[in-house]
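Structure, as structure tokens:
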């Protein structure tokens, strides 16, 4: 049985001011009419899978439930994290939820809620390959075939073939430009997608082996879970003691069972304003314009208006984002520094990092 697990716990700092802590990017319609979460669920159509299990931040629970309802999805479970503790614990909670619901040992297809995949048939084909590997006990991840020497992603180097997959020879942290160019030229490296497929019990076994403290906390906190309407609430007092760790560091970089399935399907993690611009349709001048926008002599820019007219003259390679309570302007090659603005807002005890503030005047 294939159980999709959608991780929807992100805080949304990299796409501020449109994305906020209490309304992060996975809950926004960034590309089309559907939100990123809804697109992730819709992408499952055509797979032989049960309804998804969603792991969500406690603060987003009603937004998540409502967005699923809007597209006619009744999830298998919505597991609420009282505190974000990264992907290794989140996936462990989903694994326990799957084992509690099934007599057998489900295959978990783990998907972040905020990724873009344009070629859905290619994605489905990769899922079938990963499923076959997972049935033999492998822990499979999807490696994105790189299209450029990207320095913002982690990489994996493939090793020997393992059926239709490859052993993972090594994981590589975000490289500098020269190394990224050599990775691209070699044809042996893939971007780390953050998507996985494995048996629920197999993942928990490897987590117990390499991160027993995380495994113990997740096991105990899920044992104390309660049902509340559509939500599964785990034991908050126990779970808050869990350390924060990614599945890559906790398991995938240590296990001997890791394999990678190459995926060339128009993937993006929409991890910055520049990557969102790259993923969107552009006019003849390379611009993406959203909302009430007028431009003159503006090129290769992303301009977003949420509530009023935005006009630009003479811009090159810029991002301009306007909401009712904030305006952000940055060169495209510096949008990764948006996090500094969010940290500044927090340190100044302002609210704009967390929510959209509207001011009503008579």
Kindly establish whether residue 150 is closer than 30 Å to residue 23 by Cβ and free of Cβ contacts under 8 Å to residues at least 60 places away in the same chain. yes
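Here is a check on your reading of the model: is residue 176 modelled with pLDDT under 95 and either farther than 27 Å from residue 15 by Cβ or surrounded by 22 or more Cβ atoms within 10 Å (Cβ to Cβ) (or both)?
no
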Members of the range 246-294 found to be touching a helix residue (DSSP H, G or I) at 6+ places or on another chain (Cβ under 6 Å) and part of a loop (DSSP other than H, G, I, E, B), listed by number: 246, 254, 255, 265, 270, 272
Given the conditions (1) surrounded by 20 or more Cβ atoms within 10 Å (Cβ to Cβ); (2) over 26 Å from residue 12 (Cα atoms), every one holds for residue 122 apart from (1)
Look through the range 306-325, keep the residues that are surrounded by 18 or more Cβ atoms within 10 Å (Cβ to Cβ) and more than 25 Å from the chain's Cα centre (by Cα), and return whichever of them is farthest from residue 283 (Cα to Cα). 310
Could you check, for the range 345-354, whether at least one of its residues is part of a loop (DSSP other than H, G, I, E, B), buried (at least 18 other Cβ atoms within 10 Å of the Cβ) and more than 25 Å from the chain's Cα centre (by Cα)? no
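Every residue, every condition in (1) farther than 28 Å from residue 218 by Cβ; (2) within 20 Å of the chain's Cα centre (by Cα); (3) modelled with pLDDT of 95 or more, yes or no:
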| site | (1), (2), (3) |
| --- | --- |
| 79 | no, yes, yes |
| 84 | no, yes, no |
| 104 | no, no, no |
| 126 | no, yes, yes |
| 135 | no, no, yes |
| 143 | no, yes, yes |
| 151 | yes, yes, no |
Cβ pairs under 8 Å, 6+ apart, first in the range 303-318 and on the phi > 0 side of the Ramachandran plot, second outside any strand (DSSP E or B): 314/297; 314/298; 317/300; 317/301; 317/332; 317/333
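Here is a yes/no grid of residues against (1) outside any strand (DSSP E or B); (2) over 30 Å from residue 162 (Cα atoms); (3) at pLDDT 95 or above; (4) more than 18 Å from the chain's Cα centre (by Cα):
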residue	(1), (2), (3), (4)
222	yes, yes, yes, yes
227	no, yes, no, yes
232	no, yes, yes, yes
244	yes, yes, yes, no
Scan of the range 84-132 for residues that are outside any helix (DSSP H, G or I) and out of contact with any strand residue (DSSP E or B) (no Cβ under 9 Å at 6 or more places or on another chain), ordered by number: 85, 86, 103, 104
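The values are calculated or read from the model by the stated rules, or taken from the named source; none is laboratory data. Since this is a predicted model, take the numbers as computed values, not measurements. Methodologically, a virtual Cβ is constructed for each residue, glycine included, from the backbone with ideal geometry; neighbour enumeration extends over all protein chains shown.
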